[in-house]
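What follows is one structure encoded as structure tokens, with my remarks underneath.
What follows draws every value from the coordinates through simple rules; no lab data is involved. Bear in mind that the values here come from a model prediction, so they are computed numbers and not experimental data. Every residue, glycine among them, receives a Cβ derived from its backbone with ideal geometry; neighbour counts consider all protein chains shown.
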Amino acid sequence: MRSTALLAPLVFVLAAVVVGTAGCAAAGSGGSPGIRPALSPIDQGEVPDDTTVYDTDVPAVARLDGDLRAALTAASDRAAGEDITLRINSGWRSPEMQERLLRDAVSTYGSLDEASRWVATPETSAHVSGDAVDVGPFDGAYWLDLHGAEFGLCRTYVNEPWHFELRPDAPMVGCPDQYLDPTEDPRMAG
């Protein structure tokens, strides 16, 4: 009798947990019950070493805007003819990864104002929308800085020589002036 009395509160707690989570649905799950599974770092947008635009099985590459990926592929093909490899150091990122990068930058730089010079919010980041790519190594980013306009690929920020975005008019008119850093970019105002 005593063991049954001890189990009653446990059964009540378990029932509350089951009932409480049954109504939770993962984002984009169409309302099916369950708890949203944790995404792996790769599925959140982290990039394995030596990733290129040809690694379309990597979400950071696969989830880039199609026109951006096509321009980057054309640029990579041309660069390869000059023995230059364009590596993708960052591409598409999940909002969760972008938020984590922002928190880390605040910790590193001491304030949100200073961190904002380097990392955008999930709501304003061109990486979250798949519209930006960070290119390396140095010789790859340098080559793309010199030749990117031919493909519509332009550096956006003076302080980020690795960050490129698609500007479709660039092959005809050149790349627009760069912002000193993201705090000067009107898109970052949200």
Q) Given (1) closer than 15 Å to LEU101 by Cα; (2) over 18 Å from the mean Cα position of the chain (by Cα); (3) charged (D, E, K, R); (4) surrounded by 14 or more Cβ atoms within 10 Å (Cβ to Cβ), where does ASP145 come up short, assuming only one miss? A) (1)
Q.
I'm checking my understanding of the structure. Among residues of region 36-77 that are touching a residue at least 60 places away in the same chain (Cβ under 8 Å) and touching a Phe, Trp or Tyr at 6+ places or on another chain (Cβ under 7 Å), which one is nearest to PRO137 (Cα to Cα)?
A. ALA75
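Would you confirm, using the coordinates I've provided, whether GLU123 is among the acidic types (Asp, Glu) and surrounded by 16 or more Cβ atoms within 10 Å (Cβ to Cβ)?
Answer is no for this residue.
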Q: Determine which member of the set SER125, SER111 is hydroxyl-bearing (Ser, Thr, Tyr), free of Cβ contacts under 8 Å to residues at least 60 places away in the same chain and within 15 Å of LEU68 (Cβ to Cβ).
A: SER125
(Q) Suppose we filter region 69-93 for residues that are surrounded by fewer than 20 Cβ atoms within 10 Å (Cβ to Cβ) and among the hydroxyl-bearing types (Ser, Thr, Tyr); how many remain? (A) 2
(Q) Looking only at region 102-156, how many residues end up being charged (D, E, K, R), in contact with a Pro (Cβ under 7 Å, 6 or more places away or on another chain) and not in a helix (DSSP H, G or I)? (A) 2
